[in-house]
1. If you filter the stretch 21-94 for chymotrypsin sites (Phe, Trp or Tyr not before Pro), then keep DSSP loop positions with at most 13 other Cβ within 10 Å, what is left?
2. Please rank 35, 26, fewest neighbouring Cβ atoms within 10 Å first, as an exposure proxy.
Amino acid sequence: MSITDSVSDAVKFHAVYAIAAQGCPLDVLDVAKFLNPSQVMEADHLGRISLHLAAGASVYKKQYYEPDNFVNSIDRLVKAYPAGALVADNRGLLPRHSALRSRIKNIITMRP
């Protein structure tokens with residue numbers, strides 16, 4: 001067994017997922033999306049895409065140095081993958097359901 005065999009059997013690390021779930025600074029999310037564009041659309045073993053995780057994460061607070069036309073992580077992920085708003089996970093839940101569970105009300109208006 002080679003190193004590559006053991007890596008392929010392991011759960012793949014998704015930088016975009018990790019950043020979306022933690023509410024990291026948006027510049028970090030942008031870099032991760034640039035380096036791993038397919039991860040915006042890839043589902044994890046539970047059928048969740050990065051938008052599910054961002055919707056369930058704590059709200060990122062705009063920093064003083066960020067522009068007035070600030071766009072949050074949810075909006076950035078929807079722009080990168082508009083159809084993601086309608087992707088259900090393995091339990092049949094949409095990203096907006098994750099948001100409702102996290103009490104983020106503004107995602108209800110999210111549309112592809």
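Values in this text are rule-based calculations from the coordinates and carry no lab data. Since the model is a prediction, treat every value here as computed from it, not as a measurement. Every residue, glycine as well, gets a Cβ built from its backbone with ideal geometry; the counts of neighbours run over all protein chains shown.
1. Values: sites: 34, 60, 64, 65, 70; in loops: 60, 64, 65, 70.
Hits after loop and neighbour filter: 64, 65, 70.
2. Working: 35 10, 26 19.
Ascending Cβ contact count within 10 Å gives the list 35, 26.
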